[in-house]
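Presented below is the structure to which this report refers.
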């Protein structure tokens, strides 16, 4: 079977893709790498770096006879959905409908959609079953529920078999700190680093935590079955934050725990009835909370803390060492999302803005050009209006639209560019469109451009 996993380099997506690959199926991944990491998938697969709402997704269906789609690509931050509902809708609705339309056009046999417990809203009449009225309170929950409606309609209109899983709080290795279940990854990182844990409220609030490999197993079974409709995917077990902390304390001594005021809008109790998924897919969760936390902590304990992009007044300094740059670059050829250590310090940025100083920016270009010649790793340059330098807030917005391996930089003659690591001109065109939608004009600098030769060959290779 040929399986297409959208968001396949992400936390859940990488486990789903890995499950199918291990079972002998051919895996295709679409991911824009906003939160995903290529390093999550070391097994053989076909990769497309793209937004799921992009028209270029059709080329994947033209080039491959896809059997089943698992649609996991999404904007998963509830806070972001409140602050920027457009961005949430663009990813969670336009992305889904694009994939649904392609699924119908190319006669895909089944599509599995990642919905969420957020569709239920603040209902605490637990455990919540699938027939409970949905009253989402955030744009994220609204769009997930709307996604279920789209799946239902595509089933009716195009006879596309769809199954929507309402995920409980998924946790496990490779998880970031954003999204449902993120409290565990936050605690794991702080526990590993010997920092205190912060708890909103009394800690007696409960959640239904489900280990990511159990989720991957359920999705795998769903793709092998005739099951359709909507199902909760959960353990149907309430676990309090205090219980979570008690288990963590057995893994490593906790520095301290600080209880703060409850967050407005947080529910006290949450758990989902999983009777339907158990009977429909002959599925049972295999990992209790203690087992799952042990496996998760083992991963976090061995994971190297990743430095954040920095600028401004960072105290640390880093030598601009060509050997270390080249070493990082070789690694970056394997992963589009690696964060280069030598660029993580504030001394390499112009004060107060996320823009690399000219000497640093040229060093980065030099390394990318040498890697291109030696390892055939692509990179692209986008030119921006230098007037943007007069707007720190706009620069910050542009920076937030980029991956962690992409950089804003100023040249010696004062021109502003974006360097897109491991990106072809085709990839760069997608970024141009993304910037345009956010009110920023940019232009791809091609190798035929006279300034490209000056920037890459005169500046970078000097």
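Segment 33-47 to segment 262-293: how many Å between their Cα centroids?
Computed from Cα coordinates, the inter-centre distance equals 27 Å.
With the Cα gyration tensor of segment 2-302 giving a ≥ b ≥ c as the square roots of its eigenvalues, does the rule (a/c under 1.5 for rounded; else a/b larger than b/c for prolate; else oblate) give rounded, prolate or oblate?
It is prolate, given that a/c is not under 1.5 and a/b is the larger ratio.
Is segment 80-199 best put as rounded, prolate or oblate by its Cα gyration tensor, with a ≥ b ≥ c the root eigenvalues, rounded for a/c under 1.5, and otherwise prolate when a/b is larger than b/c, oblate when not?
Prolate, since a/c reaches 1.5 and a/b exceeds b/c.
Could you work out the helix-only [θ] at 222 nm for the chain, with each DSSP H run of four or more residues adding -39,500 (n - 2.57) and the total divided by the number of residues, to the nearest 500 deg cm²/dmol?
Rounded to the nearest 500, the figure is -11000 deg cm²/dmol.
Using Cβ contacts closer than 10 Å as the measure, can you line up 149, 106 from fewest to most?
With the fewest neighbours first, 149, 106 line up as 149, 106.
Suppose we keep just the DSSP beta bridges with both residues in the chain; what percent of those would be antiparallel, to 5?
Of the beta bridges lying entirely in the chain, close to 30 percent run antiparallel.
What spacing in nm lies between the two simple spin-label points modelled at residue 267 and residue 67, each 7 Å away from Cα in the Cβ direction?
Each label point lies 7 Å from its Cα, and together they span 3.6 nm.
How do 355, 183 line up, fewest other C-beta atoms within 10 Å first?
Neighbour counts put them in this order, fewest first: 183, 355.
Tell me the angle of helix 139-158 to the major Cα principal axis of the chain, expressed in degrees between 0 and 90 and rounded to the nearest ten.
Approximately 70 degrees, to the nearest ten.
Once the Cβ-Cβ distance between residue 56 and residue 454 is put in as r, and R0 is 35 Å, what FRET efficiency do you end up with, to the nearest 0.05?
For R0 = 35 Å, the calculated efficiency reads 0.70.
Counting other beta carbons within 10 Å of each residue's own, what order do 113, 165 fall into, fewest first?
Taking fewest neighbouring Cβ atoms as first place, the list is 165, 113.
In degrees between 0 and 90, to the nearest 10, how far off the longest principal axis of the chain does helix 212-224 point, with axes built from Cα atoms?
70 degrees
Which angle between 0 and 90 degrees, to the nearest 10, do you get for helix 425-437 versus the longest principal axis of the chain when only C-alpha atoms count?
The two axes meet at around 70 degrees.
Given labels modelled 7 Å from the Cα in the Cβ direction, how far is it in nm from residue 426 to residue 396?
3.7 nm
Can you give the relative contact order of the chain as a percent, counting alpha carbon pairs under 8 Å and 6+ residues apart?
Taking the mean separation of contacting Cα pairs over the length of the chain, I get 12 percent.
Compute the distance in nm between two label points, each set 7 Å from the Cα along the Cα-to-Cβ direction, one at residue 246 and one at residue 204.
1.4 nm
Each value in this text was obtained by applying a stated rule to the coordinates, not by laboratory testing. Bear in mind the structure is a predicted one, so any value in this text is a computation, not a measurement. Note: ideal-geometry Cβ built from the backbone for every residue, glycine included; neighbour counts use all protein chains shown.
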